[in-house]
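What follows is a set of notes on a single structure, which appears directly below.
The values are calculated or read from the model by the stated rules, or taken from the named source; none is laboratory data. Bear in mind the structure is a predicted one, so any value in this text is a computation, not a measurement. Cβ coordinates were reconstructed from backbone atoms using ideal geometry, including for glycine residues, and neighbour counts include every protein chain displayed.
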DNA sequence: TAGACTGTTGACTGCTCAGTCATTTTTTTA
DNA sequence: TAAAAAAATGACTGAGCAGTCAACAGTCTA
């Protein structure tokens, strides 16, 4: 009965994945609150309403849980950002799309962003270098679009990669500030300001006649 | 013999301060490498070539050592940035001064910046909120200068505080990127690009005739 | 329903590390 | 140079926590 075996195995996997995602959700919350080092596996277990032993059935270590949380969310963020960028037409629109995608995702997944922005890179975990790797592709897409816009003289001739990273920095900075305090402005206002600011900088210098 | 007592006490204080600053230096290095949580007092002691017990003669706790490191360096950074801003004339020059002061200090005090940019805020330590407090004043000075430049129509009419924080974000972002990887550009190039970029954005929109 | 099997549990173990303090070393005083 | 004072030391203690595992609970099979 190979089909049945197949069936059983699949069911098992489904349950296992469900448990894993439950644990990841609990861990995300705890890590966002305490940071990697200060968070305990007991807390994650309590948050997930499971015993510690059960956690270790589905994950090998605290570190692996942490990596699972980050990989999961970084992957989704990357996919979404790339999607939005691809859907946009001009370089300026792609930049808007980038900024907006980040702001939106940050609102939706506050805990993930807290981990991203607040976590030390020096833990024995997925380093910020690895995380940066994940963020690289969207930024690179921006750079490509910027490059061709520069060729068409639509925007000032600056190094495209540098410009793209600058857009990323502005977005990160604004989001970090929002996460750090109680923001006095709405996310929309902040995002719009950023986009306006970037567009102003990109405006090619007026040609002297 | 009050003078002698005075003398003795002063000498004691001098020695004590010397020891403290030795410990702070060692701690800065270790914290920069490992982060607050992962760093151990034993490592700091080894780095300072002292026994752990001696550390506890001059500081009450690991947390206090950490705070001493940050307060010390944040204070110097703030003072220097304010100085440079004050010395500059126009708003644009003040912005340059801000960016340059940060870049310079970052080169000089790599370890401090590593702690600043890489440390979790969630440790039971001087929070990023407190650190932000320290960074607030220079940014505010920038905002003041920007405000009056806007009044003179020298730069685009955007919210001054927001603009000032944007300058800070750009600087922080660029420095973080430099610290994260092996930079392919010089600090000068990065700083100059930033300043150019900001100036381009600040350029008032050309008036249509 | 007995027995086998799968998933869950939380008390327990071993290790790390912040902080202590009785002892030793160095410096000062007389 | 001997006694007293100050500074430095590092072995030790207790707390906290990652990871384990023998026992238990729930589910399926014959």
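Before moving on, here are some points about what is shown:
- Residue A:191 being under 18 Å from the mean Cα position of the chain (by Cα) and either within 8 Å of another protein chain (Cβ to nearest Cβ) or in contact (Cβ under 8 Å) with a residue 40 or more places away in the chain (or both): yes
- Meets criteria (touching a helix residue (DSSP H, G or I) at 6+ places or on another chain (Cβ under 7 Å), more than 7 Å from chain B (Cβ to nearest Cβ), assigned to a helix (DSSP H, G or I) and over 18 Å from residue B:164 (Cα atoms)) for residue A:164: yes
- Counted residues, segment A:30-46 - those being surrounded by fewer than 20 Cβ atoms within 10 Å (Cβ to Cβ) and either away from DNA strand D (no atom under 13 Å from the Cβ) or under 23 Å from the mean Cα position of the chain (by Cα) (or both): 3
- Residue check for residue B:5: modelled with pLDDT of 95 or more, exposed (fewer than 12 other Cβ atoms within 10 Å of the Cβ) and within 12 Å of DNA strand D (Cβ to nearest atom): no
- Residues that are within 14 Å of another protein chain (Cβ to nearest Cβ), in contact (Cβ under 8 Å) with a residue 24 or more places away in the chain and within 16 Å of DNA strand C (Cβ to nearest atom) number at least 2 in the following helices (runs of 4 or more DSSP H) confined to segment B:1-116: B:2-38, B:62-87.
- If the condition is being near DNA strand D (Cβ under 7 Å from one of its atoms) and surrounded by 14 or more Cβ atoms within 10 Å (Cβ to Cβ), then segment A:53-67 contributes A:56, A:62, A:63.
- Unique match (being more than 10 Å from every other protein chain (Cβ to nearest Cβ), over 15 Å from residue A:169 (Cα atoms) and surrounded by fewer than 16 Cβ atoms within 10 Å (Cβ to Cβ)) among B:151, B:145: B:151
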